[in-house]
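Bear in mind that the values in this text are calculations on the coordinates, not laboratory data. Everything numeric in this text was worked out from a predicted model, so none of it was measured. Counting neighbours? That spans all protein chains shown, and the Cβs are built from the backbone with ideal geometry, glycine included.
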Amino acid sequence: MKENSGSVKFEVDDNGIGTIKFHHPLSNSLPSEILKKIADNIHLAGSHSDVKVIIIKSNGDRAFCGGASFNELVEIQNLEEGIAFFLGFANVINACRKCSKIIIGRVQGKAVGGGVGLASAVDYCYATKYSSIKLSELALGIGPFVVGPAVERKIGISAMSTLAINANKWFDASWAYDKGLFAEIFENNNDMDIAITQLTKNLSSSSLEAMKKLKKTFWEGTDHWDDLLAKRAEISGSLILSDFSKKIIRKIQNK
């Protein structure tokens, strides 16, 4: 990639708490390189013998995740490239789904598109009052096809369709909390981090086997998601090739 491609870091502390932290200079957006690293690190943390619980977070104090990389979207030239890009989101969601360890999400600010999908794929999600959400995909000429199952599983078809249809609207953190996306919301990052520290400390001293079995029950009925999300990636991969999508994305980039 020509732009600063960001980073993904994985660390484990003495209590067995594994933290996956991603960063991208463009509002923590998600190019394919970052998506692959997030998925790989979820698999790594899940299989790491010292890790008892996982935190997924992004860098900085503002946006949690700006969603798909517009720079990469406009460069997609054919269906194969389109499918490959959207499979990146599918792979992250499926990595969360298959991980045997409980994953805690830390959402400090706005989340768009794939960022909402990631917040939906963790098992317990903390947020601040600044954590508004938006599924903007329909406004881009595509649709939240890949992240849709994860969002629907978390907040239900009615709330998911509200987000998907009203694609230009920001829904505030209280709305997301009421619908079940966020388990708790806080006034600021410091208060949120205190709560995350307490919960992960409690979980790190819990039975690994009990947590593993509990995690499995959370995701019952999703064994078909490898195929489902691959099919959804094909839908998005075909739609992103349209002139409509390219023009809309370029218009947003040039603002």
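Evaluate the stretch 68-75: report whether one residue or more is under 15 Å from the mean Cα position of the chain (by Cα) and crowded, with 21+ Cβ neighbours inside 10 Å. Within the stretch 68-75 (the criterion being under 15 Å from the mean Cα position of the chain (by Cα) and crowded, with 21+ Cβ neighbours inside 10 Å), the answer is yes, since at least one residue qualifies. Summed over the stretch 195-234, the residues that are under 24 Å from F64 (Cα atoms) and loosely packed, with under 11 Cβ neighbours inside 10 Å give a count of 1. Among the residues of the stretch 48-79, which ones are closer than 22 Å to D226 by Cβ and either assigned to a loop (DSSP other than H, G, I, E, B) or without any contact (Cβ under 8 Å) to a residue 60 or more places away in the chain (or both)? Of everything in the stretch 48-79, those that are closer than 22 Å to D226 by Cβ and either assigned to a loop (DSSP other than H, G, I, E, B) or without any contact (Cβ under 8 Å) to a residue 60 or more places away in the chain (or both) turn out to be I54, A68. When the stretch 94-110 is limited to residues that are more than 27 Å from N190 (Cα to Cα) and out of contact with any Ser or Thr (no Cβ under 8 Å at 6 or more places or on another chain), the one that is surrounded by the fewest Cβ atoms within 10 Å (Cβ to Cβ) turns out to be S100. You will find that of G82, G88, G113, the residue that is buried (at least 22 other Cβ atoms within 10 Å of the Cβ), under 16 Å from V146 (Cα atoms) and touching a strand residue (DSSP E or B) at 6+ places or on another chain (Cβ under 7 Å) is G113 and no other. Within the option set A150, A173, A167, A230, being among the small types (G, A, S) and touching a Lys or Arg at 6+ places or on another chain (Cβ under 7 Å) holds for one residue only, A173.
Total residues in the stretch 8-47 satisfying the condition of being among the aliphatic types (A, V, I, L, M), part of a helix (DSSP H, G or I) and farther than 13 Å from G115 by Cβ: the figure is 4. Here is a check on your reading of the model: is E234 farther than 29 Å from G109 by Cβ and part of a helix (DSSP H, G or I)? Taking the combined requirement at face value, the residue satisfies it. The numbered conditions (1) part of a helix (DSSP H, G or I); (2) under 20 Å from S32 (Cα atoms); (3) of a type outside the set (F, W, Y) are all true for L241 except (1). Listed by first and then second residue, the pairs linking a residue in the stretch 150-176 that is surrounded by 20 or more Cβ atoms within 10 Å (Cβ to Cβ) to a residue that is aromatic (F, W, Y), with Cβ atoms under 6 Å apart and 6 or more places separating them unless they lie on different chains, are A176/F182. Among the residues of the stretch 28-43, those identified as buried (at least 18 other Cβ atoms within 10 Å of the Cβ) and of a type outside the set (V, I, T) are N28, S29, L30, P31, S32, L35, K37, A39, N41. Yes or no: S136 in contact with an Asp or Glu (Cβ under 7 Å, 6 or more places away or on another chain), closer than 26 Å to R250 by Cα and either of a type in the set (D, E, K, R) or touching a residue at least 40 places away in the same chain (Cβ under 8 Å) (or both)? Spelling it out, it is not the case that S136 is in contact with an Asp or Glu (Cβ under 7 Å, 6 or more places away or on another chain), closer than 26 Å to R250 by Cα and either of a type in the set (D, E, K, R) or touching a residue at least 40 places away in the same chain (Cβ under 8 Å) (or both).
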